[in-house]
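Read the figures in this text as sums done on the coordinates, not as results from a lab. As the structure is a computational prediction, the values presented were derived from the model and not from experiment. Methodologically, a virtual Cβ is constructed for each residue, glycine included, from the backbone with ideal geometry; neighbour enumeration extends over all protein chains shown.
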Amino acid sequence: MCGITGYIGNEEASPILIQTLKKLEYRGYDSAGIAVMRNGKIFVRKMKGRINSLEETLLENPLNGQSGIGHTRWATHGEPSDANSHPHTDSGGNIAIVHNGIIENYVKLKQSLQSRGVVFQSDTDTEVIVHIINYFYRSGEGALLQAVMETLKLLNGSYALAVVCSDYPDRIIAVRKDSPLIAGCGAAGSFIASDVPALLEYTRDVYFLNNGEIAVLYEDHIELRGNDGEVILRETARIDWDAGSAEKNNFPHFMLKEIFEQPKAMENALLPRLKKSALNNPVVDFDEIKLDESWAAARRIVIAACGTAYNAAVIGKYAFEHFARIPVAVDLASEYRYRNPIFDKRDIFIVISQSGETADTLAAARLMKQNGARVIAVTNAPGSTLSREADVVVYTYAGPEIAVASTKAFTSQMMCVYLLALELGRFRGHIADEPYKKYITALSAIPAQARRILDKKEIIQRFAARQYNKTKMFFMGRQFDYPVSMESALKLKEISYTHSEAFAAGELKHGPIALIDDGTLVIAFATQKELFEKMISNIREVSSRGASSLVITCDRVDSFNTITDEIFTLPKTEDCFSPLLSVIPAQLFSYYCAVQRGNDPDKPRNLAKSVTVE
Ligand code: G6P
């Protein structure tokens, strides 16, 4: 999980590499480095710490040259240190590489290289690659490309790699397997990067490399080759994302900007799927999915995902069961892939992933496919591995999400699963016309309601300023409020590093209540009207044991007034859709706690946005 970048063209490479790396910093940020070629020599500058520090050293002591490669690291093998930072070079300093991924058999390869006298400079798995390339290159296997291809045959694991060699100043060789990589050609030259936002400033025409494909970058063109070296002719894909969507604009952090983009993101997920029926009534209709006999006959829906996407999957379970009366099994993708799951071809298989690159989610999707399933992917990333491997792709259209902690991707994932559940419920005859209309009207109102919540952000900001240093923070709710509690607890721990947990409020007496004391904050979601009385009792139970509390509700504010420290009132919607709104104050709360604690909410410690390794 790192970011790699490369440039060859008619401008200075260092500033371009730094700019593109900054756009990839969300992928890892414990060290950074670049290698630049000039006059047949490779110059490396790399160090532990953020890209800003690297940029500062480069300003003091520039590296000039018009081609180079760059890396921002999230350490897996070897602690963050100058020596373990990328690029890594061979002993003579003639070849340099950057790598995102994990070489699983690196220990054996390292031993074999050491027995041939190679001295290693780092503890990384990556360094073996550059020494093997050098070995093949020097031992007369021919051109650099041939040496790279020979090297790949020895590597087990995942990689997106970029290679430069001082004998070939006119090119950069890049290749990927199970780690993302795109290549694009623009007015200033040719580029590679781990993700689209890095290149938006330079080009909109990119190749999404397939597994095993090699891109050879020249100043004025890119040559694509297959894993046997054969030339591949393919059109580039056009990216129509707005470049500003990958900038902070006037927000202090990407996370806050993305929280504020949620009304738009939900609209983007909703509007393309709202059509008019023959009678001019609004209906949900996914162009991507044609409901046919297999949907009518389906006995079960299986959903796999990780992290925040998993929480959206749990909302999906509640929504599909509520609207379509079909049982849903939800799994963490990391569990699903190893627990020998039961397959029934009549089931409907869905995976959810913002990035479309999460290793466990991809493995779950592949397992489903190996067992004959048709896989539906809900993803935000056009061109991602998942979008290319799935049989059906439902895009969330949230636009690039840069902050590590997911916000707008989550609400747009929820919007997509709600719409799918509604469409399926109607198709299977479980929703009559009147309630159907009512649901569509309620969903259509959500983006504007979300804007009203954001207008009240100061309530949450003030509450966070009072509560941020509590050592334990718990979230509780019932029914649709339970998965929202899970997502809220995840958000808080990710960026504020506060110990937080979620529990179904009915479980309070089965354990969590033992943890409640006057150092605890409990955030209670109370949006399910039938369960109001139960929630009131639960809140009394925690308040009477000294906990501070915040109630997020849409009604009966008077009932909560005397038993809680703060109430956040949501606009009224159907109970089942409340997660689309209630998660927003919880996201704001996490954000403001992180800021109060002096953390960088965009780049939380130890986390990366896209977990492309196990
Ligand atoms: C990481 C990110 C989370 C994300 C999860 C799943 O843990 O930090 O924000 O929810 O991966 O990612 P995906 O791209 O598959 O949705």
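Roughly speaking, what is the centre-to-centre gap between segment 1-26 and segment 462-477 when only Cα atoms are used, to the nearest Å? So the separation of the two Cα centres works out to 39 Å. Over segment 456-601, Cα pairs under 8 Å with separation of 6+ residues give a relative contact order of 31 percent. In this calculation the C-beta distance from residue 290 to residue 242 is compared with R0 = 25 Å, giving a FRET efficiency of 0.25. Each peptide in 281-288, 338-345, 90-97 was scored by the mean count of other Cβ atoms within 10 Å over its residues; highest first, the order is 90-97, 281-288, 338-345.
Given that compact globular proteins tend to follow 2.2 N^0.38 Å, what is the ratio of the alpha-carbon Rg of the chain to that value? Expressed relative to 2.2 N^0.38 Å, the Cα Rg reads 1.01. Please state the shape class of segment 3-240: rounded when a/c is under 1.5, otherwise prolate if a/b exceeds b/c and oblate if not, all from the C-alpha gyration tensor. Because its axes are fairly even, with a/c under 1.5, segment 3-240 counts as rounded.
In terms of overall dimensions, the C-alpha atoms belonging to segment 538-612 reach 45, 33, 19 Å along their principal axes, ordered largest to smallest. The spacing between segment 394-425 and segment 426-445, judged by their C-alpha centroids, is 19 Å. Express the relative contact order of the chain as a whole percentage, based on alpha carbon pairs under 8 Å and six or more residues apart in sequence. Reported as a whole number, the value is 12 percent. Structural size metrics of segment 456-601, computed from C-alpha coordinates, are Rg and Dmax of 13.6, 40 Å.
Rg over Rh for segment 156-232 works out to 0.95, using Cα positions for both radii and the Kirkwood form for Rh.
Here segment 44-64 and segment 491-549 have alpha carbon centers that stand 47 Å from each other. Global size of segment 249-454: 16.6, 51 Å for Rg and Dmax (C-alpha atoms, Rg to one decimal, Dmax whole). Taking a ≥ b ≥ c as the square roots of the eigenvalues of the Cα gyration tensor, an a/c ratio below 1.5 marks segment 84-162 as rounded. Restricting attention to the chain, close to 60% of DSSP beta bridges with both partner residues there are antiparallel. Each peptide among 559-571, 168-180, 355-367 gets the average number of other Cβ atoms lying within 10 Å of its residues, and from highest to lowest they stand as 355-367, 168-180, 559-571. Going down the list 408/456; 23/491; 110/153; 493/572; 457/493; 276/456, which pairs span over 24 Å between their C-alpha atoms? Checking Cα-Cα distances, 493/572; 276/456 exceed 24 Å.
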